[in-house]
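Written out below as structure tokens is the structure these notes cover.
The values are calculated or read from the model by the stated rules, or taken from the named source; none is laboratory data. Because the structure is a prediction, the values reported are computed rather than measured. Positions of Cβ are backbone-derived with ideal geometry, glycine not excepted, and every protein chain shown enters the neighbour counts.
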Amino acid sequence: MTNSLLRSALILLSFAFLQVAGVSKTAAAPPSEQYKLVWADEFDGDTLDLKKWGYRNLGPRRLAVNVKDCVSLDGKGNLLLTTRRNGDRIETAMIGTAGRFEPTYGYFECRVEFQDQPGQWSAFWLQSPTIGKVGDPRINGTEIDIFEYLVRYPTKMHHNLHWDGYGEAHKNEGTRPIIEDLADGFHTIGLLWTPDEYVFYVDGKETWRTKTAVSRRSQYIILSMEVDKWGGSIDDARLPDAVRFDYVRVYQKKNED
């Protein structure tokens, strides 16, 4: 049995055990049996796996400072990205798979418990190394925000696309489906990315389908917390506060890479 098949089997066995124990950690589901698990981080242990992730945009960003110390594993199978006060400044975190894992197409999924304080937003997204170029998003790529969550909109799931850079030519499209229990417990958020469309899911239910700005180039995964006015006033937040990821998984068809 290959390492990938063995890992898939172990994950499935762990799901079965957790279901028997009354704990739901099962994936919402790949889109079909043709999709196989190709990459995953279950966030076991107590340190970030630097073979899979890198710290991203360290230093000042928006109204906070990204630091390594705001990335942690809780020893219970969860990754925490924490926003905190450190003297006069706000610190938070962002990690990504750039240079480590940059797939083209697939089904991308995370299980997440959102932050509960204002002034910030958490996100699970895909980014292109050439997003700054203006032209054809099939070639240059698209920022694909699988989810963005803001406490100020507690029942709105944000799915967004951005392309043609971030200057005057910038374009975007998105939607905000209503999910009444978003603020409660863990949720499973997924994206099916094919050469022809994006399909977004929340807790296994389709929330958006679009053929707009479909990237056909390799992109990497980002998990982030951002602090800025879009999230409300960080002055009103009781910090520290964190977004908690139980896992990130990627499935692909056999002919995808």
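Here are a few things to note about the model shown:
- Of all residues in segment 229-257, exactly one satisfies the criterion of being within 22 Å of residue 185 (Cα to Cα) and loosely packed, with under 14 Cβ neighbours inside 10 Å, namely 238.
- Residue, farthest from the chain's Cα centre (by Cα), within segment 88-146, restricted to residues that are of a type in the set (Ser, Thr, Tyr) and in a strand (DSSP E or B): 92
- In segment 35-47, residue surrounded by the most Cβ atoms within 10 Å (Cβ to Cβ) [restricted to those that are in a loop (DSSP other than H, G, I, E, B) and more than 17 Å from the chain's Cα centre (by Cα)]: 35
- Residue list for segment 163-203, filter: within 17 Å of the chain's Cα centre (by Cα) and among the acidic types (Asp, Glu): 203
- Breaking point among (1) in a strand (DSSP E or B); (2) within 26 Å of residue 233 (Cβ to Cβ), for residue 153: (1)
- Answer from 50, 63 - the residue that is surrounded by fewer than 18 Cβ atoms within 10 Å (Cβ to Cβ), of a type in the set (A, V, I, L, M, F, W, C), over 28 Å from residue 254 (Cβ atoms) and without any contact (Cβ under 8 Å) to a residue 60 or more places away in the chain: 50
- Among strands (runs of 3 or more DSSP E) entirely within segment 188-228, having at least 2 residues that are touching a strand residue (DSSP E or B) at 6+ places or on another chain (Cβ under 7 Å), surrounded by fewer than 16 Cβ atoms within 10 Å (Cβ to Cβ) and modelled with pLDDT of 95 or more singles out 205-210.
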